[in-house]
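Presented below is the structure to which this report refers.
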Amino acid sequence: MDAAQARDWHAHHPPEVLDILETSEHGLTSPEAGERLSVHGPNTLPATAARHPLFRFLEQFNNALIYFLLAAATAAFVLGHAVDAVVIIVVVLVNAIVGFIQEGKAEQALSAMQDMIAPHTRVLRDGRRQEVPVGEVVPGDIVHLEAGDRIPADVRLLETHGLLVDEAALTGESVAAEKHHAAVDMTAALGDRRSMAFSGTLVAAGQGVGVVVETGSRTQIGRISRMLQSVERLTTPLLRQIDGFARRCTAVVFTGAVLLFLFAVFVRGFEWTDALIAVVAVAVGVVPEGLPAVITITLAIGVRRMAARNAVIRKLPAVETLGATSVICTDKTGTLTRNEMTVRHVATADHVFTVSGTGYAPDGAFTLEGEGDAAETAARDPIVLCGLLCNDANLRPDWSADGDPMEAALVSLALKAGLDPAGVRGAWKPVAKIPFDAAYRFMATLREGPAGEIAAFVKGAPEALFAMAGADFDSAAWNARVAEAGARGERVLAFGMKRMAPGCGRIGFEDLADGVTLLGIMGFIDPPRPEAISAIAECRSAGIAVKMITGDHAATALAIARQIDLADDPEVMTGAELDALPEDRLAEAVQRVSVFARTNPEHKLRIVRALQAGGAIVAMTGDGVNDAPSLKQADVGTAMGRKGTDVAKEAAEMVLLDDNFASIVNAVYEGRTVYDNIRKVISWTIPTNGGEAVAVIIAILAGFAMPMSATQILWINLVLSATLGLVLAFEPSEPGIMRRPPRPANAPLLSPFLLWRVIVVSLLLTGAALGIFFYGLAAGRDLETARTLVVNMLVVAEIFYLFNVRYLHMTSITWRGALGTPSVLAAIAVVVAAQLLFTYAPFMNALFESRPLGVIDGALIIAVGVALMLLLEAEKTVLRRLGWFEELKA
Ligand code: ATP
């Protein structure tokens, strides 16, 4: 293969291309593909270079606060306070290391998510259609393209059916290009190479088959070496809010610190170096600089927990939004139901058959309803044949479906009727087809029969087929049959056939406008997923409304809605009815109606908008190309991992690996937990910082000895923020989390209750710290011992307060509450060990000017801690009785 050929694939005829690539329409064998993969390399583009770890580490120091601290350390060193300088440097370093590790963990968790939904594509290998990761596609592979696919490599098309490709990613052209397999002129510009489908572009409609000609960086998109997917920024509205808060905090604290410093030196006559270091320490203590990192971790843990439950987050903000979701709009087929279809009823003009069996294994038989003799069994043959010939699916040897489940059920039905699918399909050669599309709800194939006759076989939604039927068609009778099957919860498909002129080689919509002979209808059963039923019950208790939005018939949808207990008395509205409603009436209707049937993707968009106009936070599922706008519009666009198209996945915030409704509800559960934990982190962190700062500020203002030295303040921050501050991110959900209504979308993070909590706890901690300080001095201890008491008091109080914060919605005094989680216990063990070192190790005594404490002192400190916790528990109970705060009511 020389370079010239490589550029001119579009100008060659398909057989030449296949020859050059040493392949055929039947594709490669697996060993050949493996060999080519080692020659050509993986079909990937070079990733954008990740930030070097060293830079990531250095970035930790790029922070006004750190500059401030480093300046203070330098000043301390120059002025002969070498120990203080060293402690400050150590604190800065440890802080940076902790921040670096935390950030790395969060980034890792998120990039692992991306790998979980690495795209796959359908190729023909070993004569079978297989799904392989896009990275393993090699030149010579035969690929199948369908609406919604992202084209995996540069492909020379061999066969197309209404194939439209959106090439905006490559050419910037927004109108989808029509594709065909005929060679085009050698000099054609990229946008005019109709016989090619280029890597990274999107199939907007139709189907096609092609041979891969170039992969990886040799593709057109690889040549211009532009990354297709930009790396998601690791931020969310909440994180930005907190970042902003931390930054504003820094500014305020900086000003306050300067004033406090001046006051300490000029009014209180402190040594200016001492004052500087103390003020810097307080400033560092007050600013919750570690908060954004801890919250990122909390989000990342949520992302991981969601992934473990089959919900992969593509965009980080969805983690937050999920917790506030108030309406879930879901598909029916495959999401609420299993998407394992079996034909149960076959109705022709004069006969109705019941078919036994479940699943795709062809174990089952036809029973004629009513009276009739065996000869009449033949009445089923034309419709069964049509079902087999208007069909792209196959059954695997283990009787699983390869292709559309409804079509697989039709293959199984043909086997039950004694037909040989391969033989029949071989006898009726494919000529042309109109692929299925949810927009027109039917599919047609044109085939040439054994005697050379040409016929079109059509199957689709009954309305679509009835509209094609001839004049002698009894619409009332057929509609009654459809309604009957629908009421049983069956998905109904109608079948028709039309003889075409000999030699006819193509088929279009106009050929089917009338004169199609209706062969009959079939009813498919698709049992509800048991876990969807319990998930719906959970939603109902959690105040989340569930709306079924389906392309299916109203009667079928309603019957399924009843089976899964979607709402008390589910009301159904069809897409046509919805079209007739003006916007203002629609807003009201979407509240009331829980089943939307015979909808198309535009209806979905209108429904989301109407729900959002009413203040709802909407999660919406989708899988097709045309679902992308409504997925983007929804607050949590949710794409199906299995049957979803690449386009839908890329538009979505979340991808369900198992296409299961229950996974959405699990994600909401985890989302609520994440939000709770963020609130816990905040309501624990801020008073920690507040308490010690207020104590020191009071000391400076009132002019008594500092209750802690500067290095001791830094020590407290270091010990606590790297341990206890982090465990709240790992907290499991509080019981009853799905029995609360969704949080209002505009609820502030710092709710009135949390604000109250922050203030009360800060003051209590200040009180405890100063109380024990003066107790120590009054009992005749030296200043160093009194300060050691204070440091231990604050740390112990924080440990007890942690237990308190772990349950914001209920009492913490339970077995579960007292036992804690492994991470809580581990963190406490670390803190206790650190405090013991701080208090008793001679080198720590030297470094921090701490002093060993007696048993009585220790007992006193713990007693105060317990008292503090009991006080806050009592406060929770009293406040709940008083009913002041919303979140304590539930
Ligand atoms: P749900 O929203 O419950 O998942 P859906 O959106 O998958 O349903 P569509 O796939 O849009 O439903 O199908 C709508 C209708 O089109 C079906 O009720 C059926 O009548 C018809 N239909 C679906 N698949 C095919 C097919 N492969 N061939 C012909 N007609 C089909």
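The values are calculated or read from the model by the stated rules, or taken from the named source; none is laboratory data. None of the values given here were measured: they were computed from a predicted structure. Quick reminder, even Gly has a Cβ in these numbers, built from the backbone with ideal geometry, and neighbours come from all protein chains shown. Heavy atoms of the whole protein, side chains included, go into the accessibility calculation; ligands, DNA and RNA do not. Shrake-Rupley method; radii C 1.70, N 1.55, O 1.52, S 1.80 Å.
So in the stretch 627-647, with the set limited to residues that are within 15 Å of the ligand (Cβ to nearest atom) and not in a loop (DSSP other than H, G, I, E, B), which one is surrounded by the fewest Cβ atoms within 10 Å (Cβ to Cβ)? Top of the filtered list is ALA628. Residues in the stretch 584-603 that are within 15 Å of the ligand (Cβ to nearest atom) and in a helix (DSSP H, G or I): PRO601, GLU602, HIS603. Residues in the stretch 728-750 that are part of a loop (DSSP other than H, G, I, E, B), open to solvent by 80 Å² or more (accessible area, probe 1.4 Å) and more than 20 Å from LEU299 (Cα to Cα): PRO741 only. Counting only helices (runs of 4 or more DSSP H) wholly contained in the stretch 301-418, the ones carrying 2 or more residues that are in contact with a strand residue (DSSP E or B) (Cβ under 8 Å, 6 or more places away or on another chain) and more than 16 Å from the ligand (Cβ to nearest atom) occupy 317-324, 405-416. Within the stretch 547-565, how many residues turn out to be open to solvent by 10 Å² or more (accessible area, probe 1.4 Å) and among the hydrophobic types (A, V, I, L, M, F, W, C)? Count: 4. Residue count for the stretch 566-579, restricted to those that are in a helix (DSSP H, G or I) and open to solvent by 30 Å² or more (accessible area, probe 1.4 Å): 3.
If you go through the stretch 854-876 and pick out every residue that is touching a residue at least 60 places away in the same chain (Cβ under 8 Å) and either among the aliphatic types (A, V, I, L, M) or exposed (fewer than 13 other Cβ atoms within 10 Å of the Cβ) (or both), you end up with 9.
Checked against (1) within 14 Å of the ligand (Cβ to nearest atom); (2) within 28 Å of ALA379 (Cα to Cα), VAL546 meets all criteria but (2).
Among the residues of the stretch 271-286, are any away from the ligand (no atom under 16 Å from the Cβ), in a loop (DSSP other than H, G, I, E, B) and free of Cβ contacts under 8 Å to residues at least 24 places away in the same chain?
Yes - at least one qualifying residue is present in the stretch 271-286.
Within the stretch 444-462, none of the residues are part of a loop (DSSP other than H, G, I, E, B), within 16 Å of the ligand (Cβ to nearest atom), surrounded by fewer than 20 Cβ atoms within 10 Å (Cβ to Cβ) and of a type in the set (A, V, I, L, M).
Go through the stretch 751-775 and report how many residues are open to solvent by less than 60 Å² (accessible area, probe 1.4 Å) and free of Cβ contacts under 8 Å to residues at least 40 places away in the same chain. Residues that pass the stated criteria total 1.
Might you let me know whether the stretch 422-440 holds any residue that is in a helix (DSSP H, G or I), away from the ligand (no atom under 14 Å from the Cβ), open to solvent by 50 Å² or more (accessible area, probe 1.4 Å) and over 24 Å from PRO601 (Cβ atoms)? Yes, the stretch 422-440 contains at least one residue that is in a helix (DSSP H, G or I), away from the ligand (no atom under 14 Å from the Cβ), open to solvent by 50 Å² or more (accessible area, probe 1.4 Å) and over 24 Å from PRO601 (Cβ atoms). Inside the stretch 604-626, can you point out the residues that are of a type outside the set (Gly, Ala, Ser), open to solvent by 10 Å² or more (accessible area, probe 1.4 Å) and within 11 Å of the ligand (Cβ to nearest atom)? Of everything in the stretch 604-626, those that are of a type outside the set (Gly, Ala, Ser), open to solvent by 10 Å² or more (accessible area, probe 1.4 Å) and within 11 Å of the ligand (Cβ to nearest atom) turn out to be LYS604, ASP623, ASN626.
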